[in-house]
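Notes follow the structure.
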Amino acid sequence: MESSVLSLRIDGELLDRLRDHAAKRGMSVQDYVVRTLIRDDFDERFKTAVDETEKFYGAA
């Protein structure tokens, strides 16, 4: 399996929230994010979030 690097720029408040969620599970932020991305329902949840964002901004 090939691997790649993903770099993100995120808001400090969001990073703090991710740190809190990861710490509750005894994980690093990186491990927590990867675990979240590989969840079975991620695609469905992501699509729902995109749809809601588009509705909010009037793009859909």
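The values are calculated or read from the model by the stated rules, or taken from the named source; none is laboratory data. Everything quoted here is computed from the prediction, not taken from an experiment. A quick note on method: Cβ atoms are made from the backbone with ideal geometry, for glycine too, and the neighbour counts reach across all protein chains shown. To get the accessible areas, we keep the full protein, side chains included, count just its heavy atoms, and leave off ligands, DNA and RNA. Shrake-Rupley method; radii C 1.70, N 1.55, O 1.52, S 1.80 Å.
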Whichever residue in the range 32-44 is within 12 Å of the chain's Cα centre (by Cα) and open to solvent by 90 Å² or more (accessible area, probe 1.4 Å) and, among such residues, is farthest from LEU15 (Cα to Cα):
ASP43
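Checking the conditions here, which among LEU14, LEU6 is aliphatic (A, V, I, L, M), modelled with pLDDT of 90 or more and loosely packed, with under 12 Cβ neighbours inside 10 Å? It would help to see each step written out before you state the result.
Values: LEU6 fails: modelled with pLDDT of 90 or more.
Checking each option against the conditions leaves just LEU14.
Report, by residue number, each residue of the range 36-53 that is assigned to a loop (DSSP other than H, G, I, E, B) and closer than 21 Å to ARG19 by Cβ. So that I can check it myself, show each step before the final result.
First, pick out the residues of the range 36-53 that are assigned to a loop (DSSP other than H, G, I, E, B): 38-41.
Selection gives ILE38, ARG39.
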